[in-house]
Amino acid sequence: MPFSLYDAVIPSNLQILGAVDALVTKAEAFCAEHGKPASELIDARLAPDMLPFAYQVKSCAAHSAGGLEGVRAGSFSPDRSVPPTDFDGLHAVLRNAIAHLEGLDRDAVDAMAESDTAFVFGETKIPFTGPNFLLSFSQPNFYFHATTAYAILRAQGLPLGKRDFLGALRLKV
């Protein structure tokens, strides 16, 4: 079976983006149930030198849909925009990424296997092939930020389990 970049990236990104969107919904409900302002969770961090929940959520979109767009363009730079400050904004970021991934053509994504991509941050330029950028840089970052978002909510007392992180499994039907 030939390597499919689409199969290696898109289905798992969609699964975890959906799970992170459900985490945002649970965070919203937790705030309402406990009379907490949304900012208490949106701005929560695991450690003082780590970025907050909102940044982690935004970065899931940046390293999924944004990573693929970087490969298409031949260059990826970190998303330095300010993350949303409310739950609706976080949902919008995730749902836009999901819609973007769902709209991608399998053949177009697989054709990216022939491309080169540079990670550019200031004066730093790191060369990759398209697949190596997605699989060795963007995808690990994607999972790091999804895991960190989950861990922040757990640390804030949300009753979450592994199934909340995994989201909708792709079962044999």
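None of the figures in this text is laboratory data; all of them are computed from the coordinates on show. Source: prediction; values computed, not measured. Cβ: placed from backbone, ideal geometry, glycine included. Neighbour counts: every protein chain shown.
Quick one: which of 18-27, 127-136, 106-115, 50-59 comes out on top by average Cβ neighbours within 10 Å, and what's the full order, highest first?
The peptides rank, most packed first, as 50-59, 18-27, 127-136, 106-115.
Pairs of alpha-carbon atoms within less than 8 angstrom and 6+ residues apart define the contacts here; what relative contact order does the range 5-166 have, in percent?
So the answer I get is 35 percent.
Among residues other than residue 138 whose Cβ falls under 14 Å from its Cβ, what is the net charge (Lys/Arg +1, Asp/Glu -1)?
Here the count lands on -1.
Can you bin every Cα-Cα distance in the range 1-152 into 10 Å intervals starting at zero and give me the percent of pairs per bin, rounded to whole numbers?
The distribution over the range 1-152 is 11, 40, 32, 13, 3, 0, given as percents.
Can you list the aspartates and glutamates whose alpha carbon sits under 20 Å from that of residue 162, skipping same-chain ones fewer than 8 residues off?
Within the straight-line cut-off, residue 162 pairs with 21, 28.
Given the DSSP H assignment, sum -39500 (n - 2.57) over each helix run of at least 4 residues in the chain and divide by its residue total; what's the result at 222 nm in deg cm²/dmol, nearest 500? Can you show the working numbers first?
On the way: 9 runs with 102 residues, N = 173.
Result for the chain, helices only: -18000 deg cm²/dmol.
Under the Karplus relation 6.51 cos²θ - 1.76 cosθ + 1.60, θ = phi - 60°, what is the ordered set of whole-Hz ³J(HN,Hα) values for the range 42-55, x standing for Gly and Pro?
4, 9, 5, 10, 6, 8, x, 8, 9, 7, x, 3, 4, 5
In whole Hz, with x marking every Gly and Pro, tabulate ³J(HN,Hα) for the range 163-173 from phi via Karplus 6.51 cos²θ - 1.76 cosθ + 1.60, θ = phi - 60°.
For the range 163-173, the Karplus-derived couplings read 4, 5, 6, 5, x, 7, 6, 9, 7, 6, 10 Hz, x marking Gly and Pro.
Given H placed on each backbone N at 1.01 Å, which residues far from residue 76 in sequence or on other chains put an amide H within less than 5 Å of it?
Amide H neighbours of residue 76, under 5 Å, 5+ apart: 118, 119, 120.
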